[in-house]
Amino acid sequence: MLLLIPLLPFLGFLVNASFGRRLSKAAAGAVACAAIIGSFLVSAAAVWRLAALEPEARAIVQRVFTWISSGDFTVAFTLRVDPLSAVMILVVTGIGSLIHIYSTAYMHEESDSEFARYFSYLNLFAAFMLVLVLGSNFLVMFVGWEGVGLCSYLLIGFWYQKKSASDAGKKAFIVNRIGDFGFVLGVLLVFVRFGTVDFQDIARTTAALAPETAFGTLSLITLLLFVGATGKSAQIPLFVWLPDAMEGPTPVSALIHAATMVTAGVYMIGRNAALFSHAPLTLTVVAVIGTATALMAGTIGLVQNDIKRVLAYSTVSQLGYMFLAMGVGAYASGIFHLYTHAFFKALLFLGSGAVIHALAGEQDLRRMGGLKDQLPVTYWTFLIGALAIAGVPLLSGFFSKDEILFHTFAGGHTILWIIGLLTSLLTAIYMFRLVFLAFHGERAASAHQAPGTLAPGTHAPGTVAPGTLAPPVHDHVHDAPPAMAWPLIVLAIGSVVAGYVGLPHVLGGSDWFARFLEPSFNGAVIAEASEAAELEGTLMIVSTAVAIGGIGIAVYFFLKHRDAANAVAARFAGLYRLLLQKYYVDEIYDATIVQPIRIVSQEGLWKIVDVRAIDGTVNLVGRVVEGSSQELRRTQTGSVRAYAASLFLGVVLILGYYLWR
Amino acid sequence: MPTLGDYLLLSAILFAIGTAGVFVRRNLITILLSIEIMLNAVNLTFVAFGRALGSADGQIIVFFVMTVAAAEAAVGLAIVIALFRHKESLNPDSFTMLKW
């Protein structure tokens, strides 16, 4: 039964990839949606069966076939559902289904064959992600791990005729490859150390070990695996691909950011919680990187002008939170945030897609505004998403984010907690900046900034030269069609209620989510702090105040006094430009890594090693053969007697050797 | 009664004469004759060993050699005639077209 979960989307992919160009849009969309919804239903049934089992025995395993059998090393293609992967398959297929449905409307202007191509990729993406979360050992996981990398490349570069889109696809793929390299090394080292790649066996073996106090094999393994996670989940230093991934169609961004792909790294750490918790050194690295990423991305998100880019940086930032949770040993909280984040981030992306759709491709926040009345469904659902991500009490984001901050504080990581809180403030500010710029105020003719002449489609970074503004050409602003509106509404409801499965003790809940996940983290050292309910209550009030404060700041700067925001930007012009240019990370990478590699490859490897050494050797061999042949052919005189003489001489020499040796 | 050594010595002398003939003579037909002498020198060795060892094998092989020699002489002479028609010469040094 488990096999059906990834197989159904895969079949959908096969159908759309093989016959897609002959199918109508309605048929192609129906096949894809049916495949993913079917997968969702099977997942739900599997989770239902799982929930009926005893908490300790909660795992359904299906061994599909023996994949590799070499000597005493065997790897089976085994799928396994336990509470952790149960959460993941529900998120992937559930959110994935909504995104599929939404896409049928969003992508409707594509031609038939492009439409089918899009849906075949979308299905393939879901299939690989499901393999990733269902795999019961590293190798099966790796199949999915590479598969989602491939699909992200295909989907980000979906509009491949656009240079920036195909570049962004390549960037995503290459950056991911760097991470994957670390991951592969980590897996190899796991095999060397444990002699197996099965998650359960590894967890059992590690559980018996004492946590490493100094840097040892476990630390190295987990660090390498974490390198892989930074690639997939867009953490420092490999986060640069995610904002560029905005070149893909908006529902793809939603899929990548919410349901699939970026959650892979977090999931992988959760899956190997036992391993990671026995390497405290790595955990510290994870927590610090996560926090740094959260802060960095949050500050960048504050000033970006492309609606999707703001959301992209908010994803990076929220992923930082998840890694912070993993790093402080609060694995369940990290997965909890992953799960709530899937709802509101999918909602926000699909909402921004609805805005872009309504404005005929406009993505620049400075050209939006006043959409509140024209797009009521989009506005209200988007607002709910923004409230949820900002951490306003009683919405899903509040519970999960609060739990992470609580565990961070309770674990004694005060500095990380302060930065986390600061990021939470930034989150509230940039999200509500987005809401106010896009939906409130006056459209385009807004006074706070005089947008320069922006060519459509260019996300003009940098300063805006005052100039004439082409009159907005959004003639027919229309709200989302039903296929887009319903997913938004469902996700909005999810964003409100999803958090209640993890209601903490202090609010009268039982933290059911964490207890449900517990069997998956067997063998891990879990941050235990449930008795500090009073502390949790206090921290909750603090973070609520921070969230409200952030919204208040956004109200002041971006709703009431937009000129004040400009004044601040002008006052700290250097800082503003630094943030707008994303800390020049791309430029730094280009200067320190890309260009040196290019120069070494071109001037050294190509012009010296390849041309001189490799080609030179080959040519030398040719020349030696040719030259010696030139000389040797002189013995071919054509004189029969000379041949006979040499024959005779040879015989005499050989006989002489045997006679007188 | 000549001993085996005598036969072998005679055979060696004959073989040397044949070999020298192949190298020094400038006439293809003489060269062919010299080759026949070498073959017969070998035949003599076979027969001598056959007798000394009391076995018929040596004599049987000689029959094979003589048969092959007859065939070889026929083919060789045919080639010589063809060559002569081509170049009006029997000197092997004038047939050096098959060189670099």
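The values are calculated or read from the model by the stated rules, or taken from the named source; none is laboratory data. This one's a predicted model, so the numbers in the text were calculated from it and none came from an experiment. Counting neighbours? That spans all protein chains shown, and the Cβs are built from the backbone with ideal geometry, glycine included.
Where residues in the range A:400-423 are hydroxyl-bearing (Ser, Thr, Tyr) and buried (at least 20 other Cβ atoms within 10 Å of the Cβ), which of them is modelled with the highest pLDDT?
Here the answer is A:423.
Before we move on, is residue A:213 touching a residue at least 60 places away in the same chain (Cβ under 8 Å) and outside any helix (DSSP H, G or I)? Walk me through it before giving the result.
Details: touching a residue at least 60 places away in the same chain (Cβ under 8 Å): yes; outside any helix (DSSP H, G or I): yes.
Considered against the rule, which asks whether it is touching a residue at least 60 places away in the same chain (Cβ under 8 Å) and outside any helix (DSSP H, G or I), residue A:213 comes out as yes.
Within the range A:636-649, is there a residue that is more than 14 Å from chain B (Cβ to nearest Cβ) and farther than 20 Å from residue B:32 by Cα? Before the answer, list the steps.
Going residue by residue through the range A:636-649, those that are more than 14 Å from chain B (Cβ to nearest Cβ) are none.
No, the range A:636-649 contains no residue that is more than 14 Å from chain B (Cβ to nearest Cβ) and farther than 20 Å from residue B:32 by Cα.
Can you tell me which of A:103, A:43 is under 24 Å from the mean Cα position of the chain (by Cα), among the polar types (S, T, N, Q) and within 21 Å of residue A:268 (Cα to Cα)? Talk me through it step by step, then tell me what you get.
Numbers: A:103 fails: within 21 Å of residue A:268 (Cα to Cα).
Of A:103, A:43, the one residue that is under 24 Å from the mean Cα position of the chain (by Cα), among the polar types (S, T, N, Q) and within 21 Å of residue A:268 (Cα to Cα) is A:43.
Determine which member of the set A:659, A:605 is within 14 Å of another protein chain (Cβ to nearest Cβ) and either under 45 Å from the mean Cα position of the chain (by Cα) or more than 30 Å from residue A:298 (Cβ to Cβ) (or both). Step through it out loud before you land on a result.
Working: A:605 fails: within 14 Å of another protein chain (Cβ to nearest Cβ).
The conditions single out A:659.
If you go through the range A:637-661, how many residues are surrounded by fewer than 13 Cβ atoms within 10 Å (Cβ to Cβ) and of a type outside the set (D, E, K, R)?
14
Within the range A:327-336, which residues are farther than 18 Å from residue A:398 by Cα and modelled with pLDDT of 90 or more?
Looking only at the range A:327-336, we keep the residues that are farther than 18 Å from residue A:398 by Cα, and these are A:327-329.
Hits for the range A:327-336 are A:327, A:328.
Determine whether residue A:167 is acidic (Asp, Glu), within 29 Å of residue A:47 (Cβ to Cβ) and in a helix (DSSP H, G or I).
Values: acidic (Asp, Glu): yes; within 29 Å of residue A:47 (Cβ to Cβ): no; in a helix (DSSP H, G or I): yes.
Criteria not met by residue A:167.
A quick yes/no check of all residues on (1) within 14 Å of chain A (Cβ to nearest Cβ); (2) over 22 Å from the mean Cα position of the chain (by Cα); (3) part of a helix (DSSP H, G or I); (4) modelled with pLDDT under 90:
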position	(1), (2), (3), (4)
B:52	no, yes, yes, no
B:63	no, no, yes, no
B:66	no, no, yes, no
B:69	no, no, yes, no
B:75	no, no, yes, no
B:78	no, no, yes, no
B:85	no, yes, yes, no
B:96	yes, yes, no, yes
B:100	yes, yes, no, yes
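Within the range A:21-60, can you find the residues that are touching a helix residue (DSSP H, G or I) at 6+ places or on another chain (Cβ under 9 Å) and under 17 Å from residue A:136 (Cβ atoms)?
A:43, A:46, A:47, A:50, A:57, A:58, A:59, A:60
I need the full set of residues from the range A:319-359 which are over 20 Å from residue A:384 (Cβ atoms) and among the β-branched types (Val, Ile, Thr), in order please.
A:328, A:335
Tell me yes or no: at least one residue of the range A:520-528 is among the aromatic types (Phe, Trp, Tyr) and in contact with a Gly (Cβ under 7 Å, 6 or more places away or on another chain).
no
Checking residue A:600 against (1) under 22 Å from residue A:306 (Cα atoms); (2) of a type in the set (A, V, I, L, M, F, W, C); (3) out of contact with any Pro (no Cβ under 9 Å at 6 or more places or on another chain), which single condition isn't satisfied?
With respect to (1) under 22 Å from residue A:306 (Cα atoms); (2) of a type in the set (A, V, I, L, M, F, W, C); (3) out of contact with any Pro (no Cβ under 9 Å at 6 or more places or on another chain), residue A:600 is out only on (1).
Take the conditions within 27 Å of the chain's Cα centre (by Cα), of a type in the set (A, V, I, L, M) and at pLDDT below 90 and apply them to residue A:342. Does it pass?
Taking the combined requirement at face value, the residue does not satisfy it.
Determine, yes or no, whether residue A:573 is touching a Phe, Trp or Tyr at 6+ places or on another chain (Cβ under 7 Å) and surrounded by fewer than 17 Cβ atoms within 10 Å (Cβ to Cβ).
no
Between A:199, A:215, A:173, which is of a type outside the set (Val, Ile, Thr) and touching a strand residue (DSSP E or B) at 6+ places or on another chain (Cβ under 7 Å)?
A:199
Closer than 30 Å to residue B:96 by Cβ, loosely packed, with under 12 Cβ neighbours inside 10 Å and within 14 Å of chain B (Cβ to nearest Cβ), is that true of residue A:630?
Numbers: closer than 30 Å to residue B:96 by Cβ: yes; loosely packed, with under 12 Cβ neighbours inside 10 Å: yes; within 14 Å of chain B (Cβ to nearest Cβ): yes.
When the stated conditions are applied, residue A:630 passes them.
Residues in the range B:35-50 that are farther than 30 Å from residue B:86 by Cα and within 14 Å of chain A (Cβ to nearest Cβ): how many? Give the derivation first.
Taking the range B:35-50 as the starting set, the residues that turn out to be farther than 30 Å from residue B:86 by Cα are B:40-50.
Those left that are additionally within 14 Å of chain A (Cβ to nearest Cβ): B:42.
Result for the range B:35-50: 1.
Among the candidates B:28, B:98, B:44, B:39, single out the residue that is crowded, with 16+ Cβ neighbours inside 10 Å and within 16 Å of residue A:641 (Cα to Cα).
B:28
Collect the residues in the range B:21-34 that are within 10 Å of another protein chain (Cβ to nearest Cβ) and in a helix (DSSP H, G or I), keeping them in residue-number order.
Scanning the range B:21-34 gives B:22, B:23, B:24, B:28, B:31.
Are there any pairs, at least 6 apart or on different chains, whose C-beta atoms fall under 6 Å, with the first in the range A:136-148 and in contact (Cβ under 8 Å) with a residue 60 or more places away in the chain and the second charged (D, E, K, R), and if so, which?
A:136/A:80; A:137/A:198
Scan the range A:216-249 for residues that are crowded, with 20+ Cβ neighbours inside 10 Å, touching a Lys or Arg at 6+ places or on another chain (Cβ under 9 Å) and not in a loop (DSSP other than H, G, I, E, B) and report the count.
Final tally of qualifying residues: 9.
Which condition number in (1) over 29 Å from residue A:634 (Cα atoms); (2) within 14 Å of chain A (Cβ to nearest Cβ); (3) buried (at least 16 other Cβ atoms within 10 Å of the Cβ) is the one that residue B:14 fails?
(2)
Take the residues in the range A:501-536 that are polar (S, T, N, Q) and surrounded by fewer than 19 Cβ atoms within 10 Å (Cβ to Cβ), then tell me which one is modelled with the lowest pLDDT.
A:530
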